[in-house]
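The values are calculated or read from the model by the stated rules, or taken from the named source; none is laboratory data. It should be emphasised that the depicted structure is a prediction, and the values quoted were computed from it without experimental measurement. Cβ placement follows ideal geometry from the backbone for every residue including glycine, while neighbour counts extend to all protein chains displayed. Remember, those area values only see protein heavy atoms, side chains included, never the ligands or the DNA or RNA. Shrake-Rupley method; radii C 1.70, N 1.55, O 1.52, S 1.80 Å.
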Amino acid sequence: MTVDPNAATQGFPSPQPAHRRPSAARYLVPALVAAAVAVGLGVYGKVHDPAGTAFNLAGFSSSGAVKTWLATTAFGFAVVQLVSAFMVYGRLPGPSWSGVLHRWSGRVAFLVAVPVAVHCLYAFGYQTYEPRVLWHSLLGCFFFGAFSAKMLLLRSERLPGWLLPIVGGIVFTVLTVIWLTSALWFFRTFGVTT
């Protein structure tokens with residue numbers, strides 16, 4: 001028996017466009033990746049023998065000063081990203097290129113934060129000897145997990161409009177507390193030095 005591919009099909013309705021709800025995997029995968037990144041960094045920091053220092057740059061008095069100024073730079077770019085996010089979402093007036101400013105300030109903030117995290121993990125590890133240090137260690141690991149989830153969610157289609165601002169707000173809030181428990185503490189303890 002042969003089938004004519006051009007013959008009209010009868011009795012079969014034409015397919016309707018799919019309007020299905022997003023699958024749970026769309027949210028589960030970023031959440032699992034975030035958890036894996038955060039736990040992985042925490043485990044590495046806990047089992048790694050702290051080296052005391054990871055890097056130093058000429059012109060700075062100590063590796064702590066380098067880390068503090070890099071963290072402050074990352075936090076400054078994160079503030080730019082927060083303001084530009086308000087522009088992108090129409091909460092503040094802004095130029096047409098506020099989306100580009102938002103993306104690039106986030107990229108720079110992340111690139112500057114990575115050496116700080118590497119230094120913290122390699123030089124100090126995951127520490128719990130006082131509340132400030134415990135919160136710094138916990139939130140440092142959580143930050144990179146939440147950031148990973150945000151980057152994965154950015155690539156998803158048809159997300160609820162509230163999700164990215166919430167995740168972005170969490171990432172910014174956590175980075176703020178990390179900065180308060182490290183760089184601001186350093187400036188208050190040792191002064192604003194290089």
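Here is the list for region 119-161: chymotrypsin sites (Phe, Trp or Tyr not before Pro) lying in DSSP coil, each with at most 13 other C-beta atoms within 10 angstrom of its C-beta, are Y129. For the pair S96 and F187 in one chain, pulling the backbone fully straight at 0.36 nm per residue adds 29.1 nm over the alpha carbon distance.
Fully extending the segment from D49 to L32 would add 3.4 nm, taking 0.36 nm per residue of separation and subtracting the current Cα-Cα distance. If I build a Gaussian network model for the chain, linking alpha-carbon pairs within less than 10 angstrom, which residue out of F77, F60, F172 has the largest mean-square fluctuation? Greatest mean-square fluctuation among the candidates belongs to F60. Restricting region 26-123 to trypsin sites (Lys or Arg not before Pro) that sit in a DSSP loop and have at most 15 other Cβ atoms within 10 Å of their own Cβ leaves R91.
Using a probe radius of 1.4 angstrom, the carbon and sulfur fraction of the accessible surface of the chain is 68%.
Each residue was assigned an accessible area with a 1.4 Å probe, and for V177 the value is about 50 Å².
Annotation note: trypsin sites (Lys or Arg not before Pro) in region 140-194 located in DSSP loop regions with a Cβ neighbour count of at most 13 within 10 Å are R155, R158. Computed from the C-beta positions of T176 and Q127 and an R0 of 30 Å, the FRET efficiency is 0.90 to the nearest 0.05.
Couplings 3J(HN,Hα) of region 106-112, computed from phi: x, 4, 5, 4, 5, 4, 7 Hz, in residue order, whole Hz [Karplus 6.51 cos²θ - 1.76 cosθ + 1.60, θ = phi - 60°; x for Gly and Pro].
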